Ligand code: SF4
């Protein structure tokens with residue numbers, strides 16, 4: 001895994017499309033049980049090198065019932081976005097993750113994460129890539145049972161997504177308690 005992560009960190013595949021120098025952001029270890037696949041790092045994560053170190057990350061940790069130390073413990077939680085580098089700004093928010101990235105790296109990384117029990121698919125890009133039967137994001141999130149035990153689709157926890165969260169109150173009322181219980185079991189159950 002160390003060699004593979006070093007290869008990812010040296011990747012320059014889509015450098016000509018990026019606003020800054022490539023700075024792939026990834027957290028992975030062969031013993032991780034939970035995988036978080038989001039979109040792409042924002043500008044703040046690009047600067048700090050730390051994923052989900054913002055208001056979105058705070059809400060995500062709250063949804064998962066994980067404290068910061070556990071969330072950033074690579075032996076338990078892997079973090080692998082659809083695009084590992086900050087893609088730049090578009091007219092309304094950040095640009096989509098670079099399309100070259102997941103096909104280039106994800107399958108190789110997944111081969112080295114043999115203990116994964118659950119993958120969280122955050123946002124439409126991860127859901128379209130991993131769920132052949134993906135519908136709208138709202139339907140995917142509502143129909144979690146269709147994708148378990150391997151995948152759990154989630155909306156983006158960004159403050160920009162407040163409208164969706166207000167419109168779909170069932171998500172935080174009904175889905176989040178069940179998600180928290182599942183994550184607690186996966187993270188804390190004794191290893192064989
Ligand atoms: S976004 Fe992905 S493919 Fe592009 S340079 Fe970064 S690691 Fe490589």
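Overview of results
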item: Restricting segment 29-41 to residues that are under 21 Å from residue 99 (Cα atoms) and in contact with a strand residue (DSSP E or B) (Cβ under 6 Å, 6 or more places away or on another chain), the residue that is surrounded by the most Cβ atoms within 10 Å (Cβ to Cβ); result: 38
item: Segment 1-12, subset near the ligand (Cβ under 10 Å from one of its atoms) and buried (at least 16 other Cβ atoms within 10 Å of the Cβ), residue farthest from residue 30 (Cα to Cα); result: 11
item: Condition broken by residue 110, with the remaining ones in (1) assigned to a strand (DSSP E or B); (2) more than 13 Å from the chain's Cα centre (by Cα) satisfied; result: (1)
item: Conditions (1) away from the ligand (no atom under 16 Å from the Cβ); (2) in a loop (DSSP other than H, G, I, E, B); (3) in contact (Cβ under 8 Å) with a residue 60 or more places away in the chain: number failed by residue 121; result: (2)
item: In segment 100-127, the residues that are surrounded by 15 or more Cβ atoms within 10 Å (Cβ to Cβ) and more than 24 Å from residue 62 (Cα to Cα); result: 101, 102, 104, 105, 106, 109, 110, 112, 113
item: Flag for residue 153 being surrounded by 13 or more Cβ atoms within 10 Å (Cβ to Cβ), in a strand (DSSP E or B) and touching a helix residue (DSSP H, G or I) at 6+ places or on another chain (Cβ under 6 Å); result: yes
item: Residue match in segment 128-143 (condition: in a loop (DSSP other than H, G, I, E, B), at pLDDT 95 or above and surrounded by 18 or more Cβ atoms within 10 Å (Cβ to Cβ)); result: no
item: Leading residue by the ranking (farthest from the ligand (Cβ to nearest atom)) among those in segment 79-105 that are in contact with a helix residue (DSSP H, G or I) (Cβ under 7 Å, 6 or more places away or on another chain) and outside any loop (DSSP other than H, G, I, E, B); result: 93
item: Some residue of segment 49-56 being within 16 Å of the ligand (Cβ to nearest atom), under 17 Å from residue 158 (Cβ atoms) and in contact with a helix residue (DSSP H, G or I) (Cβ under 9 Å, 6 or more places away or on another chain); result: yes
item: Test for residue 71: is it more than 9 Å from the ligand (Cβ to nearest atom) and in contact (Cβ under 8 Å) with a residue 12 or more places away in the chain; result: yes
item: Neighbours by Cβ (under 7 Å, 6+ apart or cross-chain): first from segment 127-143, more than 21 Å from residue 170 (Cβ to Cβ); second outside any helix (DSSP H, G or I); result: 128/134; 129/82; 130/121; 130/151
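The values are calculated or read from the model by the stated rules, or taken from the named source; none is laboratory data. Owing to the predicted nature of the structure, the values given are computational and were not obtained by experimental measurement. Every residue, glycine as well, gets a Cβ built from its backbone with ideal geometry; the counts of neighbours run over all protein chains shown.
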